[in-house]
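Participant: Before I ask anything, here is the structure I am working with.
Laboratory data are not the source of any read-out in this text; all were calculated from the coordinates shown. Just so it is clear, the model here is predicted, and its values are computed rather than measured. Cβ coordinates were reconstructed from backbone atoms using ideal geometry, including for glycine residues, and neighbour counts include every protein chain displayed.
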Amino acid sequence: MLAGEASAEAARKTALAEAPQVTEPDLDTDFDALLDMGGEAAFPVAGDDLAAAFFDLDNTVMQGAAIFHFGRGLYKREFFRRRELARFAWQQAWFRLAGVEDPEHMQDARDSALSIVKGHKVSELMAIGEEIYDEYMAERIWPGTRALAQAHLDAGQKVWLVTAAPVETATIIARRLGLTGALGTVAESVDGIYTGRLVGEPLHGPAKAEAVRALASAEGLDLERCAAYSDSHNDIPMLSLVGHPYAINPDTKLRKHARTHDWRLRDYRTGRKAVKVGVPAAAGVGAIAGGAAAAIALHRRRR
């Protein structure tokens with residue numbers, strides 16, 4: 001419960017008083033996703049101030065995992081060594097290949113990130129995060145999902161990211177996309193300095209649902225009128241919490257669950273191969289090793 005409450009409190013403190021107006025991008029999107037299941041009533045409902053939208057980040061709004069892109073940016077700034085970059089690259093290559101989260105990989109990445117930022121100023125990491133967004137994240141935003149978020153904003157609703165990524169990183173991404181704010185994992189800081197510990201647990205799985213519930217209560221929202229979007233079966237608790245759940249770029253388990261429960265599905269990945277999760281073991285290892293090697297080689301060329 002602590003993780004969800006801490007995240008909701010941090011989100012409300014850092015939320016934009018008024019989301020900036022963002023020029024609507026030229027998006028290749030099937031706006032049937034903005035209609036109800038019968039295609040009769042527009043969704044989201046304009047002017048419904050008891051509704052909001054909650055978007056998972058990794059592989060829902062953005063291709064890949066934010067914490068891995070952040071790690072790559074920190075390596076470029078010599079926060080850690082090549083051996084640690086190889087681990088980040090390995091994990092990111094696996095994530096992109098499989099399209100699902102691996103708890104051990106995510107925990108390893110989280111522990112690595114905490115040890116790296118320990119002793120640094122929060123303001124320093126926020127400034128660096130702005131640069132990293134431009135370098136590695138901006139071009140990885142899924143246009144289709146961004147259009148869905150914009151539809152909620154245009155309807156006068158608040159839109160929140162909900163992610164296991166650090167709340168500071170998530171807040172930067174939310175602001176750059178013109179969203180309201182972000183629920184994310186809260187790293188402890190004392191006098192503006194990271195201690196290397198978390199406040200509660202990472203915002204993952206059931207903790208996301210707790211954070212959404214806490215934020216909805218504080219904001220006076222009706223969850224039955226709210227929408228949630230995710231690619232991962234780990235987020236079924238969050239998706240089940242709202243009246244309008246969406247499966248976006250779903251993994252196999254979420255796709256099956258969504259079809260069973262008549263949830264809306266949208267896949268913005270190119271090609272049906274992106275939907276496949278299982279791959280031959282040898283091919284998987286080769287792709288992962290190749291991804292790690294490519295990431296390190298690319299960095300060497302740029303130094």
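Participant: To the nearest 0.05, how large is the calculated FRET efficiency for ASP222 and LYS118 if R₀ is 45 Å and r is the Cβ-Cβ distance?
Facilitator: 0.65
Participant: Can you tell me what the convex hull of the Cα atoms of region 136-256 projects to on average, as an area in nm²?
Facilitator: One quarter of the hull surface, i.e. the mean projection, equals 8.4 nm².
Participant: Between SER240 and LEU50, what's the calculated FRET efficiency when r is the beta-carbon distance and R0 is 22 Å? Round to 0.05.
Facilitator: Efficiency for this residue pair is about 0.70.
Participant: Let's test the formula: R0 of 22 Å, r as the Cβ-Cβ distance of ARG197 and ARG176. What FRET efficiency results, to the nearest 0.05?
Facilitator: Working from the Cβ atoms, E equals 0.20.
Participant: While we're looking at this one, here's another question. If you place +1 on the Cβ of every Lys and Arg, -1 on the Cβ of every Asp and Glu, and leave all else neutral, what size is the dipole of region 179-250 about its Cα centre, to the nearest 20 Debye?
Facilitator: Here region 179-250 has a charge dipole of around 60 debye.
Participant: Under a 5 Å amide H to amide H cut-off, with H placed in plane at 1.01 Å, what residues pair with LEU183 once short-range neighbours are removed?
Facilitator: When sequence neighbours closer than 5 places are left aside, the close amide H contacts are LEU161, VAL162, THR163.
Participant: Also, I was wondering about something else. Check TYR268: other-chain or 5+ apart residues with amide H under 5 Å from its amide H, H built from backbone geometry?
Facilitator: For TYR268, the qualifying residues are ASN249.
Participant: With a 10 Å radius around each residue's Cβ, average the other Cβ atoms per peptide and rank 117-128, 246-257, highest first.
Facilitator: Packing proxy ranking, top to bottom: 246-257, 117-128.
Participant: Give a residue-ordered list of calculated ³J(HN,Hα) values for region 187-196 (Karplus: 6.51 cos²θ - 1.76 cosθ + 1.60, θ = phi - 60°; whole Hz; x for Gly, Pro).
Facilitator: Per-residue couplings from phi come out as 8, 5, 9, 10, 6, x, 10, 5, 8, x Hz.
Participant: Per residue of region 222-231, what does 6.51 cos²θ - 1.76 cosθ + 1.60 with θ = phi - 60° give for ³J(HN,Hα)? Whole Hz please, x for Gly and Pro, Karplus curve as stated.
Facilitator: 9, 4, 5, 9, 8, 10, 9, 9, 7, 9
Participant: Say each of ARG259 and GLU78 gets a label point 7 Å from the Cα, pointing the same way as Cα to Cβ; how far apart are those two points in nm?
Facilitator: The modelled label-to-label distance comes out at 5.3 nm.
Participant: In addition: Would you kindly derive the ³J(HN,Hα) couplings of region 234-247 from the backbone phi angles with the Karplus curve 6.51 cos²θ - 1.76 cosθ + 1.60 (θ = phi - 60°), listing them in order in whole Hz, with x for Gly and Pro?
Facilitator: In residue order, the calculated couplings are 4, 9, 4, x, 5, 5, 6, 6, 10, x, 10, x, 10, 9 Hz.
Participant: Quick query: amide H of TYR246 versus all other amide H atoms, modeled in the peptide plane; which residues come in under 5 Å with a sequence gap of 5 or more or a different chain?
Facilitator: ALA228, TYR229, SER230
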